[in-house]
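Here is the structure we will look at, set down as C-alpha cells.
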Amino acid sequence: MSQFDPNYPGLIEGEITNVAVIDPVVPPELGNHVIDPTKAFDVTVTWEVRGLFAPLWLAALGGDWDVSVYAESIGRGREARLGTATVAADENILTYSVTVNVPAGTLPEHTPGTDRGGIYKLAVAVFLNSNIPGLRGFDLVGFSEGPFIQVENTV
C-alpha cells in the first residue's frame, strides 16, 4: 500500500513505486526475503512526484528528502527505524531512488519455542520538509507498507 500527500491529481501527486530488499548473498534479480541477521542488507526505495505543479513545488521547497525505513515485528520482537538516507530535491528531477543500508545485528531472528517469529513488515517514508517561512502544509510526504522479511541465521 502506498500513499502520498498532497494528492491533487494532475496538479501535484506522487507515489513510492518500489521498495526492494537487497540481500548481499542472493542476486537482486532472484529476490530474497530471508535475511541473515549477521549480515548487513540494503533497502532500495524509488519514488516519483508528478503533476503540473510538481517542478514548481519542488523548487519552492528545496532542501533534502528524508528517507526512512522502519520494521514492525509480527509477533514479539523489535520495532525499529532501520536506517535513513537523504536525497537533494531538485525541480528538474521527478523520479528519485536511494539505497538505505541496514547494519548487521539490527533485527533479532526467529527463536524456536517462543512467540518471536523473526518476521517483520517494512514501512518506508519519504519526506520533504517545507522551507517556506510562515507557510505550513506544503510538505511532501509519501508512505509505503511492505514487503515482509524473515530474519533467520542461514548458518
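Where a number appears in this text, it was derived from the coordinates with a stated rule and is not lab data. Worth saying up front: this structure is predicted, and the values here are computed from it rather than measured. Positions of Cβ are generated from backbone atoms using ideal geometry, with glycine treated the same way; all protein chains shown enter the neighbour counts.
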- Query: Taking the Cα-to-Cβ direction at Ser97 and at Gln3 and moving 7 Å from each Cα, how far apart do the two end points lie in nm?
  - Reply: 2.8 nm
- Working out 0.36 nm times the residue gap between Phe148 and Ala80, then minus their Cα-Cα distance, what length gain in nm do you get to one decimal? 23.0 nm
- Note on the structure: About its Cα centre, region 48-116 carries a charge dipole, from +1 on Lys and Arg Cβ atoms and -1 on Asp and Glu Cβ atoms, whose size in debye to the nearest 20 is 240 debye
- Task: Count charges around Leu52 for me, please; just the other residues with Cβ under 15 Å from its Cβ, Lys/Arg as +1, Asp/Glu as -1.
- Result: -2
- Residue among Thr38, Asn101, Val67 farthest towards the positive dipole end of region 38-155, charges placed on Cβ: Thr38
- Message: I need to check one value: relative contact order of the chain, counting alpha carbon pairs closer than 8 Å and at least 6 residues apart, in percent.
- Response: 29 percent
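Treating only the Cβ atoms of Lys and Arg (+1) and Asp and Glu (-1) as charged, compute the dipole magnitude of the chain about its Cα centre; round to the nearest 20 debye. Kindly include the intermediate steps, with their values, before the conclusion.
Values: 8 positive and 19 negative charges, 64 e Å.
That gives a dipole near 300 debye.
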